[in-house]
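Here's the structure, in structure tokens; my notes come after.
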Amino acid sequence: MRVIGLMSGTSYDAVDAAACDLAHRPGGGALHLTPLGMVSEPYPADLRTALADALPPAATTLADVCRLDTRIGQAFGRLAVRADRELCSGRAELVASHGQTVYHWAADGQVHGTLQLGEAAWIAEATGHPVVSGFRPRDVAAGGQGAPLVGLIDLMLLRGRPGVPAALNIGGIANVTVVPGNAAPVAFDTGPGNALIDAAVRELSGGRLAYDEGGALAASGRVHEGLLGRMLAEPYYRLPPPRTTGKELFHPGYLRSCLAEFGRIPPQDLVATLTRLTARTVADALRPLGATEVFASGGGVRNPTLTGMLRAELAGARLRTSEELGLPAAAKEAYAFAVLGYLTLHGLPGNAPGCTGAAGPRVLGCVTPGSRPLRLPAPSPIAPSSLLVRADGVSVRACALR
């Protein structure tokens with residue numbers, strides 16, 4: 001089956017689309033994924049501004065939510081049409097859309113609700129293909145954290161590797177999946193990935209810059225140990241997994257409150273400190289679990305200052321890239337949701353209960369029909385146990401991060 005996965009993460013800067021062919025024998029075993037490529041488009045500037053203005057802790061209205069739901073859905077639909085044309089030769093059979101998370105209602109270690117915008121009907125209307133969307137709420141309704149849902153795909157990729165492999169995604173929020181050889185796997189959000197770094201750069205540049213390109217600003221600064229210690233005191237980091245967080249906590253106002261007790265900190269030192277915070281909290285989360293190798297993905301991989309700090313903090317664990325598992329760092333989450341959409345359509349669970357805390361395996365999401373009558377494939381009696389990524393008939397391998 002040819003599937004397009006759509007994703008926009010907590011950085012809400014762009015929509016990514018990754019296309020792949022997926023095949024699975026009904027008797028179980030491996031799910032075979034052949035990547036077909038990725039396309040990405042930034043949100044229109046006015047839509048990104050409207051989205052930023054509506055996110056917590058800002059006040060908003062239901063009218064704003066309705067407009068965002070429509071405009072995000074239309075943006076996803078336009079990119080899905082492009083992905084079908086450029087990557088699938090017009091032969092896509094399914095679209096899987098994560099949507100745009102705008103609120104994750106977490107309190108007292110429990111997630112009570114989650115909201116992703118980007119109405120799937122706009123995607124189905126634009127492409128003519130059925131769309132699977134709304135993946136997170138079913139896991140939450142079953143008592144889970146609803147995140148990180150990529151934990152299941154990470155398990156399928158990492159099972160059987162020697163030592164204690166881990167997957168790390170550094171988006172606006174960073175999350176990890178760890179697969180110990182003699183214990184149950186775990187997955188959780190470690191804390192801010194790029195969220196606070198990006199927030200600082202935007203404020204320091206008066207909105208001219210969206211992120212620390214190439215980690216240049218952080219590389220020119222020195223870590224402010226007092227501020228770092230203040231931020232490491234955040235109670236979230238001491239919650240046991242499974243745990244999840246978002247920009248409901250790690251937003252510009254949070255950063256300003258942390259800075260309030262300090263005098264003026266040079267911009268480059270502030271960004272260096274926030275970059276170290278991300279590296280430290282990721283490493284602090286992985287160290288007790290004994291990770292021996294870490295496969296990184298997400299936008300943070302493009303920041304050499306961050307990856308350098310992370311490598312130093314991880315010490316004995318080797319930092320690699322998800323490309324070594326066959327999935328490009330920039331596209332891994334979009335591919336992951338393509339897999340989750342495929343599982344949903346085949347009546348298979350898409351969560352890993354041990355990682356999210358859900359009461360059990362659940363089929364995730366809702367299906368919106370395309371322009372033709374909806375015909376679901378026969379449910380698979382056994383879920384695939386592993387994910388084999390293949391290109392040109394061979395497994396993909398690439399270099400570790402230097």
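The values are calculated or read from the model by the stated rules, or taken from the named source; none is laboratory data. Note that the structure is predicted; figures quoted are calculated from it, not measured. Every residue, glycine among them, receives a Cβ derived from its backbone with ideal geometry; neighbour counts consider all protein chains shown. Quick note on the areas: whole protein, heavy atoms, side chains included, nothing else; ligands and nucleic acids left out. Shrake-Rupley method; radii C 1.70, N 1.55, O 1.52, S 1.80 Å.
General remarks:
- Residues (surrounded by 19 or more Cβ atoms within 10 Å (Cβ to Cβ) and polar (S, T, N, Q)) located in the range 248-291: T273, T275, T278, T281
- Selection from the range 98-114 of residues that are more than 13 Å from G357 (Cα to Cα) and buried (at least 21 other Cβ atoms within 10 Å of the Cβ): H98, G99, Q100, T101, V102, H104, A106, T114
- Filter result (over 16 Å from the mean Cα position of the chain (by Cα), surrounded by 24 or more Cβ atoms within 10 Å (Cβ to Cβ) and either small (G, A, S) or not in a helix (DSSP H, G or I) (or both)) within the range 162-198: P165, V179
- Extreme residue, most open to solvent (accessible area, probe 1.4 Å), among residues of the range 136-154 that are assigned to a loop (DSSP other than H, G, I, E, B) and more than 18 Å from L168 (Cα to Cα): G143
- The set of residues from the range 347-368 being within 16 Å of G5 (Cα to Cα) and either open to solvent by 50 Å² or more (accessible area, probe 1.4 Å) or more than 20 Å from the chain's Cα centre (by Cα) (or both) comprises C366, V367, T368.
- Candidates are the residues of the range 115-135 that are surrounded by 24 or more Cβ atoms within 10 Å (Cβ to Cβ) and within 16 Å of the chain's Cα centre (by Cα); the one that is farthest from L68 (Cα to Cα) is F135.
- Looking only at the range 53-71, and only at residues there that are exposed (fewer than 14 other Cβ atoms within 10 Å of the Cβ) and not β-branched (V, I, T), the one that is nearest to V3 (Cα to Cα): C66
- Number of the condition not met by A330 [criteria: (1) part of a helix (DSSP H, G or I); (2) within 20 Å of the chain's Cα centre (by Cα); (3) among the hydrophobic types (A, V, I, L, M, F, W, C)]: (1)
- Only one of the numbered conditions (1) modelled with pLDDT under 95; (2) open to solvent by 10 Å² or more (accessible area, probe 1.4 Å) is violated by T307, and that is (1).
- Restricting the first member to the range 125-142 and to residues that are within 18 Å of L374 (Cα to Cα), and the second to residues that are assigned to a helix (DSSP H, G or I) and open to solvent by 30 Å² or more (accessible area, probe 1.4 Å), the beta-carbon pairs closer than 9 Å and six or more apart or on different chains are A126/Q74; A126/R78; A126/V81; T127/V81; V131/A121.
Table: residues versus (1) modelled with pLDDT of 95 or more; (2) among the small types (G, A, S); (3) under 20 Å from G299 (Cα atoms).
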position	(1), (2), (3)
L6	yes, no, yes
T10	no, no, yes
R25	no, no, no
A45	no, yes, yes
D53	no, no, no
T61	yes, no, no
D64	yes, no, no
L68	yes, no, no
I72	yes, no, no
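- The range 367-402: number of residues that are in a strand (DSSP E or B), of a type in the set (V, I, T) and modelled with pLDDT of 85 or more: 3
- For D46, the conditions (1) under 22 Å from the mean Cα position of the chain (by Cα); (2) open to solvent by 50 Å² or more (accessible area, probe 1.4 Å) all hold with the exception of (1).
- Some residue of the range 202-214 being open to solvent by less than 30 Å² (accessible area, probe 1.4 Å), touching a Pro at 6+ places or on another chain (Cβ under 9 Å) and in contact (Cβ under 8 Å) with a residue 24 or more places away in the chain: no
- Of all residues in the range 1-27 being open to solvent by 10 Å² or more (accessible area, probe 1.4 Å) and small (G, A, S), the one that is nearest to G193 (Cα to Cα): S11
- Index of the failed condition, E324 passing every other in (1) touching a residue at least 60 places away in the same chain (Cβ under 8 Å); (2) in a helix (DSSP H, G or I); (3) open to solvent by less than 10 Å² (accessible area, probe 1.4 Å); (4) more than 18 Å from S97 (Cα to Cα): (3)
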